[in-house]
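The values are calculated or read from the model by the stated rules, or taken from the named source; none is laboratory data. Remember, predicted model here, so these are calculated numbers, not experimental data. No Cβ is skipped: glycine too gets one built from the backbone with ideal geometry, and neighbour counts run over all protein chains shown. Note: areas computed on protein heavy atoms with side chains; ligands, DNA, RNA excluded. Shrake-Rupley method; radii C 1.70, N 1.55, O 1.52, S 1.80 Å.
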Amino acid sequence: MSKKRESSEDFTEKSNNNKQQKDKDSKKKMKKSHDDIDNSVEESTTTTTTNNNNNDSIKTEIYDNDDGINKCTGKKYSKRYYDILEKRKLLPVWEQRSEFINKLKSSQVLVLVGETGSGKTTQIPQFVFEAGFVEKGTMVGVTQPRRVAALSVAKRVSEEMDVVLGEEVGYSIRFEELTSEKTFMKYMTDGMLLRESMADPLLKKYSVIILDEAHERTLSTDILFGLIKGVLQKRKDLKLVVMSATLDAGKFQKYFNDAPLMKVPGRLHPVEIYYTQEPERDYLDAAVRTVLSIHQDEDAGDILVFLTGEDEIEETCTRVAREAKQMQLPPITCLPLYSTLPMSQQSKIFDNYPHRKCIFSTNIAETSLTIDGIVYVVDPGFSKQKTYNPRSRIESLLVSPISQASAKQRAGRAGRTRPGKCFRLYTEKSFKKNLPVQTYPEILRANLSTVILQLKKLGVDDLVHFDFMDPPIPETLMRALEVLHYLGALDDEGELTKDGEIMAEFPLDPQLSKILVSSARYNCSNEVLTIAAMLSVPNVFHRPKDNRRDADQTKKLFDHIDGDHLTLLNVYHSFKQSGENTTWCYDNYLNYRAIKQATNVRSQLARILSRFGVPLVSGDINSRDYYINIRKCLVSGFFMQAARLEKKNEYFTLGDEQKVMLHPSCGLDRRPDWVIYNELVLTSSNYLRTATDIKFEWLLESAPHYIDSLLDPSVPQKTRQNIERAKKYIAMTTSFTDYPKLKSIIEK
Ligand code: CDP
Ligand code: MG
């Protein structure tokens with residue numbers, strides 16, 4: 001039942017009274033609303049939240065009759081263990097420990113809903129283990145939508161259990177696994193569990209699976225819902241816990257055949273909401289201003305600012321630190337938080353500081369990670385979200401308005417420790433009118449080709465009748481099948497091909513998997529492995545704010561005349577030649593961690609290729625064809641990401657005729673007629689990032705079906721005309737001895 005109250009102007013004035021003078025700067029535009037954070041769970045007939053009388057029996061058994069010896073390791077508990085234990089006992093889920101265990105005993109599936117920070121992610125897997133649900137030799141697997149969360153929570157829980165991370169408690173995220181024979185509790189991304197199910201469709205390694213953060217409805221979690229629902233029928237010994245931070249648990253219950261619900265009441269303090277009175281022109285400016293004014297005027301308490309990505313976060317973080325200093329404000333510790341941040345830096349957000357700390361974070365801090373001590377939240381109202389246009393087949397990460405549900409979660413972060421305040425950098429009207437009520441499930445807005453390839457490999461052929469919680473839009477499904485067909489992963493009958501079998505094994509997009517699979521045919525698997533690895537790690541080029549020019553000059557030394565993919569190859573080779581030297585990286589403005597990670601990713605990908613008998617080969621570097629072969633191989637996967645030069649610096653994407661430019665970081669010193677690109681960056685102007693010079697002939701040779709499909713009347717006329725023109729030109733000028741396959745294609 002919603003407890004939403006109407007906003008009250010009276011209250012606004014009273015409460016702002018004593019601050020009115022000081023708040024001139026930014027908050028004069030802020031309007032307070034009583035639209036409070038109501039995360040209480042709706043009443044449901046299927047549950048009881050009253051605690052059992054024998055509530056503490058199990059707790060007593062395990063924790064109070066403690067003989068000082070850790071049952072997991074046989075070692076004496078450390079002092080830290082007891083310190084943390086005291087804190088754990090205060091978490092809301094502890095009150096319902098017995099209730100949880102009893103409910104899980106009597107049901108195969110349990111839906112658990114609880115306020116962020118109530119202890120679901122860290123405590124529930126431990127309860128599951130202690131109560132004996134984890135059969136010997138098996139594990140409890142806990143999924144997270146985000147890598148950072150999986151990693152950080154695994155670390156925290158290993159500390160809580162007083163074990164070494166990677167031994168009893170481990171984690172598994174893409175390209176990085178830390179587990180051992182002893183591991184009985186594994187935190188992992190939902191994508192990794194989906195991968196595991198390909199090799200182990202009944203998920204036999206697990207006695208209990210916990211799908212955490214289910215409210216986020218990521219693509220992988222949605223697919224896991226369907227797969228695990230099937231496994232539960234075949235394996236009566238498997239238990240599933242679905243955990244969510246929001247109210248819409250009814251949907252999960254219904255989907256899992258009316259599974260029982262358990263709710264953990266939150267212990268949330270009230271949070272006052274402030275809105276701006278006018279829309280903000282620049283939300284970064286507004287965020288900086290708001291943080292500074294909180295720091296100046298408000299009582300002690302940490303600040304959490306939600307931003308959309310790494311660049312924005314780094315920039316704002318630096319700006320606030322600098323301006324606070326210039327304004328001679330008291331010390332403030334500014335900390336960034338995003339997924340590619342090194343672990344050592346990430347853990348700083350949990351440290352205590354003698355003065356105020358301010359964390360600038362992506363969505364990760366919305367529900368995945370709980371940071372204690374936050375009293376002020378600054379919410380500009382945006383996040384990066386995947387959007388997919390099935391018509392143009394373009395998937396992009398767009399900065400988009402968040403949902404009302406997200407905004408409420410964000411505000412809730414301010415009320416963990418004591419009453420807090422949330423500053424929304426948008427108007428109340430905008431909150432009500434422009435923000436969607438709920439976040440749209442990713443399955444309805446993402447490119448499905450990767451998961452469909454996985455489902456095919458799993459033998460799920462009838463996608464139309466797959467038990468989706470929310471079925472994807474048929475057109476998106478069709479497009480995904482089409483893409484896989486063009487890539488040669490599916491044959492004309494829609495069956496997985498030999499290439500498709502191998503492609504499904506790579507934890508990569510089908511485009512990247514495809515270039516790996518075809519690399520040996522182009523005699524360049526060694527090189528393409530390197531390129532694929534370099535494309536799978538964070539940006540290797542470092543551009544410090546105060547040294548941009550020097551950094552750009554240095555990058556030129558690595559630039560390859562034919563394009564950025566080959567530049568990445570140069571960087572990797574030079575890194576190897578330097579003996580993987582950190583100083584060398586620093587001097588050359590290269591991100592050591594990223595390249596080092598690429599070496600690791602490369603060996604993992606190489607292992608998969610070798611497993612399928614694809615030879616690791618290289619051409620003769622002095623031959624004319626050496627780089628041509630690599631570029632042709634790139635085209636074999638990226639033909640759907642091609643663009644054509646129209647004039648001067650203007651490119652148009654093939655297929656949907658979007659006007660784009662080469663990104664300023666692009667190292668090409670000329671403007672080739674045709675390029676393929678790795679990424680389309682949509683900002684105020686549209687850019688192609690990581691582009692390589694190609695020939696139209698290669699497109700035609702690699703993907704005749706795809707090019708043919710672009711002659712369909714539904715495709716923009718300009719694309720059709722250009723393809724016709726290019727084909728004619730080839731027919732007139734090309735020596736077909738060089739392109740035997742082309743002859744028949746052209747003549748068709
Ligand atoms: O999953 P849920 O949001 O319900 O809570 P949780 O992630 O289990 O967090 C419970 C508590 O564990 C938090 O309030 C933090 O005090 C603590 N925690 C921590 O100190 N460090 C972490 N990396 C994760 C949690
Ligand atoms: Mg959690």
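Being surrounded by 16 or more Cβ atoms within 10 Å (Cβ to Cβ), touching a strand residue (DSSP E or B) at 6+ places or on another chain (Cβ under 7 Å), within 20 Å of Phe382 (Cα to Cα) and touching a residue at least 24 places away in the same chain (Cβ under 8 Å) narrows it down to one of Leu284, Leu307, so name that one.
On the way: Leu284 fails: touching a strand residue (DSSP E or B) at 6+ places or on another chain (Cβ under 7 Å).
Among Leu284, Leu307, only Leu307 is surrounded by 16 or more Cβ atoms within 10 Å (Cβ to Cβ), touching a strand residue (DSSP E or B) at 6+ places or on another chain (Cβ under 7 Å), within 20 Å of Phe382 (Cα to Cα) and touching a residue at least 24 places away in the same chain (Cβ under 8 Å).
Which condition number in (1) more than 13 Å from ligand 1 (Cβ to nearest atom); (2) open to solvent by 40 Å² or more (accessible area, probe 1.4 Å); (3) under 22 Å from Asp83 (Cα atoms) is the one that Glu168 fails?
In the conditions (1) more than 13 Å from ligand 1 (Cβ to nearest atom); (2) open to solvent by 40 Å² or more (accessible area, probe 1.4 Å); (3) under 22 Å from Asp83 (Cα atoms), Glu168 misses (2) alone.
Pick from region 108-127 the residues that are under 20 Å from Phe256 (Cα atoms) and touching a Lys or Arg at 6+ places or on another chain (Cβ under 8 Å): which of them is farthest from ligand 1 (Cβ to nearest atom)?
Among residues in region 108-127 that are under 20 Å from Phe256 (Cα atoms) and touching a Lys or Arg at 6+ places or on another chain (Cβ under 8 Å), the one farthest from ligand 1 (Cβ to nearest atom) is Gln108.
Take the residues of region 413-440 that are over 27 Å from Ile473 (Cβ atoms) and of a type in the set (D, E, K, R): which is surrounded by the most Cβ atoms within 10 Å (Cβ to Cβ)?
Step one: filter region 413-440 for residues over 27 Å from Ile473 (Cβ atoms), giving 413-432.
Cutting the leftovers down to of a type in the set (D, E, K, R) gives us 413, 416, 418, 421, 424, 428-429, 432.
Details: Arg413: 29, Arg416: 21, Arg418: 12, Lys421: 24, Arg424: 26, Glu428: 18, Lys429: 11, Lys432: 11.
Looking at the filtered set, the residue picked out is Arg413.
Can you name the residue in region 588-610 that is of a type in the set (Lys, Arg) and in contact (Cβ under 8 Å) with a residue 40 or more places away in the chain and is also least open to solvent (accessible area, probe 1.4 Å) among such residues? Can you show your working first?
First, pick out the residues of region 588-610 that are of a type in the set (Lys, Arg): 593, 596, 602, 607.
The next check asks that each one be in contact (Cβ under 8 Å) with a residue 40 or more places away in the chain; those that pass are 593, 602.
Values: Arg593: 111, Arg602: 46 Å².
For region 588-610, the residue satisfying everything is Arg602.
Look at Asn591 and say whether it is in contact with a Pro (Cβ under 9 Å, 6 or more places away or on another chain) and not hydrophobic (A, V, I, L, M, F, W, C). Full working, then the answer.
Details: in contact with a Pro (Cβ under 9 Å, 6 or more places away or on another chain): yes; not hydrophobic (A, V, I, L, M, F, W, C): yes.
Yes: the conditions hold for Asn591.
In a strand (DSSP E or B), over 28 Å from Pro354 (Cβ atoms) and among the aliphatic types (A, V, I, L, M): which single residue out of Ile273, Ile303 fits that description?
Details: Ile303 fails: over 28 Å from Pro354 (Cβ atoms).
Selected residue: Ile273, the only one of Ile273, Ile303 that is in a strand (DSSP E or B), over 28 Å from Pro354 (Cβ atoms) and among the aliphatic types (A, V, I, L, M).
Of the conditions (1) touching a helix residue (DSSP H, G or I) at 6+ places or on another chain (Cβ under 8 Å); (2) free of Cβ contacts under 8 Å to residues at least 40 places away in the same chain, Lys648 clears all except one; give me its number.
(1)
Test of understanding: among Ser383, Ser396, Ser400, which residue is within 30 Å of Leu654 (Cα to Cα), without any contact (Cβ under 8 Å) to a residue 24 or more places away in the chain and either more than 16 Å from ligand 2 (Cβ to nearest atom) or not in a loop (DSSP other than H, G, I, E, B) (or both)?
Working: Ser383 fails: without any contact (Cβ under 8 Å) to a residue 24 or more places away in the chain; Ser396 fails: without any contact (Cβ under 8 Å) to a residue 24 or more places away in the chain.
One residue alone meets the criteria, Ser400.
I'd like the full set of residues that are at positive phi and either part of a helix (DSSP H, G or I) or within 14 Å of ligand 2 (Cβ to nearest atom) (or both), limited to region 104-162.
Filtering region 104-162 for residues at positive phi gives 117, 119, 132, 137, 162.
Matches in region 104-162: Gly117, Gly119.
Condition check ((1) farther than 30 Å from Glu428 by Cα; (2) within 16 Å of ligand 1 (Cβ to nearest atom); (3) of a type in the set (Val, Ile, Thr)) across all residues:
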site: Ile223; (1), (2), (3): yes, no, yes
site: Gly230; (1), (2), (3): yes, no, no
site: Lys234; (1), (2), (3): yes, no, no
site: Asp237; (1), (2), (3): yes, no, no
site: Phe256; (1), (2), (3): yes, no, no
site: Met262; (1), (2), (3): yes, yes, no
site: Arg267; (1), (2), (3): no, yes, no
site: Val271; (1), (2), (3): no, no, yes
site: Tyr275; (1), (2), (3): no, no, no
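Restricting to region 67-98, what's the tally of residues that are within 16 Å of ligand 1 (Cβ to nearest atom) and either of a type in the set (Gly, Ala, Ser) or under 30 Å from Asp258 (Cβ atoms) (or both)? Give the steps one after another, and end with the answer.
The first filter runs over region 67-98 and keeps only residues within 16 Å of ligand 1 (Cβ to nearest atom), leaving 80-97.
Pick out the ones that are also either of a type in the set (Gly, Ala, Ser) or under 30 Å from Asp258 (Cβ atoms) (or both) and you get 91-97.
Looking only at that region, the number is 7.
Which count do you get for residues in region 623-672 that are among the aliphatic types (A, V, I, L, M) and part of a loop (DSSP other than H, G, I, E, B)?
Within region 623-672, residues that are among the aliphatic types (A, V, I, L, M) and part of a loop (DSSP other than H, G, I, E, B) number 3.
More than 11 Å from ligand 2 (Cβ to nearest atom), of a type in the set (D, E, K, R), open to solvent by less than 40 Å² (accessible area, probe 1.4 Å) and under 30 Å from Ala414 (Cα atoms): does that describe Arg88? Full working, then the answer.
Details: more than 11 Å from ligand 2 (Cβ to nearest atom): yes; of a type in the set (D, E, K, R): yes; open to solvent by less than 40 Å² (accessible area, probe 1.4 Å): yes; under 30 Å from Ala414 (Cα atoms): yes.
Yes, satisfied.
So, in region 672-697, of the ones that are polar (S, T, N, Q) and out of contact with any Pro (no Cβ under 9 Å at 6 or more places or on another chain), which residue ends up surrounded by the most Cβ atoms within 10 Å (Cβ to Cβ)?
Applying the first criterion (polar (S, T, N, Q)) to region 672-697 yields 678, 683-686, 690, 692.
Applying the additional criterion that residues be out of contact with any Pro (no Cβ under 9 Å at 6 or more places or on another chain) yields 678, 683-686, 690.
On the way: Asn678: 19, Thr683: 8, Ser684: 4, Ser685: 10, Asn686: 16, Thr690: 25.
Checking each candidate, the answer is Thr690.
So which residues in region 327-356 are open to solvent by less than 10 Å² (accessible area, probe 1.4 Å) and assigned to a strand (DSSP E or B)?
Matches in region 327-356: Leu337 only.
I need the full set of residues from region 529-556 which are of a type outside the set (S, T, N, Q) and closer than 18 Å to Glu679 by Cβ, in order please.
Passing the criteria: Ile531, Ala532, Ala533, Met534, Leu535, Val537, Pro538, Val540, Phe541, Arg543, Lys555.
Of (1) open to solvent by 10 Å² or more (accessible area, probe 1.4 Å); (2) aliphatic (A, V, I, L, M); (3) in contact with a strand residue (DSSP E or B) (Cβ under 6 Å, 6 or more places away or on another chain), Val157 satisfies all except one. Which?
(1)
Would you please name the residue that is nearest to ligand 2 (Cβ to nearest atom), looking only at residues in region 350-371 that are closer than 17 Å to Val157 by Cβ and out of contact with any helix residue (DSSP H, G or I) (no Cβ under 7 Å at 6 or more places or on another chain)?
Step one: of region 350-371, the residues closer than 17 Å to Val157 by Cβ are 350, 368-371.
This time we only want the ones that are out of contact with any helix residue (DSSP H, G or I) (no Cβ under 7 Å at 6 or more places or on another chain), so: 350, 370.
Details: Phe350: 14, Thr370: 7 Å.
In this case the residue turns out to be Thr370.
Test each condition in (1) of a type in the set (A, V, I, L, M); (2) within 28 Å of Thr246 (Cα to Cα); (3) at pLDDT 95 or above; (4) surrounded by fewer than 22 Cβ atoms within 10 Å (Cβ to Cβ) for Val378 and report the one that comes out false.
Only one criterion in (1) of a type in the set (A, V, I, L, M); (2) within 28 Å of Thr246 (Cα to Cα); (3) at pLDDT 95 or above; (4) surrounded by fewer than 22 Cβ atoms within 10 Å (Cβ to Cβ) is unmet by Val378, namely (4).
Could you please give the count of residues in region 203-223 that are in a helix (DSSP H, G or I) and out of contact with any Asp or Glu (no Cβ under 6 Å at 6 or more places or on another chain)?
Of all residues in region 203-223, those in a helix (DSSP H, G or I) come to 214-216, 219-223.
Add one more test, that the residue is out of contact with any Asp or Glu (no Cβ under 6 Å at 6 or more places or on another chain), and what stays is 214-216, 222-223.
Total satisfying the criteria: 5.
Need pairs with beta-carbon distance below 6 Å; first residue closer than 19 Å to Lys251 by Cβ and among the polar types (S, T, N, Q) and within region 91-117, second open to solvent by 20 Å² or more (accessible area, probe 1.4 Å) and in a strand (DSSP E or B); sequence gap 6+ or separate chains.
Gln108/Lys239
Could you grab me the full set of residues in region 227-248 that are of a type in the set (A, V, I, L, M) and away from ligand 2 (no atom under 15 Å from the Cβ)? Even if it seems obvious, please write down each step before you answer.
From region 227-248, those of a type in the set (A, V, I, L, M) are 227-228, 231-232, 238, 240-243, 245, 247; that's our starting set.
Correct list: Leu227, Ile228, Val231, Leu232, Leu238, Leu240, Leu247.
Just checking, which of Met188, Met192, Met198, Met243 is in a helix (DSSP H, G or I) and touching a strand residue (DSSP E or B) at 6+ places or on another chain (Cβ under 8 Å)? If you could, list the steps in order and put the result at the bottom.
On the way: Met188 fails: in a helix (DSSP H, G or I); Met198 fails: touching a strand residue (DSSP E or B) at 6+ places or on another chain (Cβ under 8 Å); Met243 fails: in a helix (DSSP H, G or I).
Every option except Met192 fails the conditions.
Is it true that some residue in region 543-552 is of a type outside the set (D, E, K, R), at pLDDT below 95 and within 26 Å of the chain's Cα centre (by Cα)? Before the answer, list the steps.
Of region 543-552, the ones of a type outside the set (D, E, K, R) are 544, 547, 551.
Retained after the next criterion (residues that are at pLDDT below 95): 544, 547.
Filter once more, keeping what is within 26 Å of the chain's Cα centre (by Cα): 544.
Yes; the residues of region 543-552 include at least one that is of a type outside the set (D, E, K, R), at pLDDT below 95 and within 26 Å of the chain's Cα centre (by Cα).
Assigned to a helix (DSSP H, G or I), out of contact with any Phe, Trp or Tyr (no Cβ under 8 Å at 6 or more places or on another chain) and either within 15 Å of ligand 2 (Cβ to nearest atom) or not basic (Lys, Arg) (or both): does that describe Ser98? I'd like the intermediate steps shown before the answer.
Details: assigned to a helix (DSSP H, G or I): yes; out of contact with any Phe, Trp or Tyr (no Cβ under 8 Å at 6 or more places or on another chain): yes; either within 15 Å of ligand 2 (Cβ to nearest atom) or not basic (Lys, Arg) (or both): yes.
So Ser98 passes the test.
Is it fair to say Val464 is aliphatic (A, V, I, L, M) and open to solvent by 50 Å² or more (accessible area, probe 1.4 Å)?
Details: aliphatic (A, V, I, L, M): yes; open to solvent by 50 Å² or more (accessible area, probe 1.4 Å): yes.
Criteria met by Val464.
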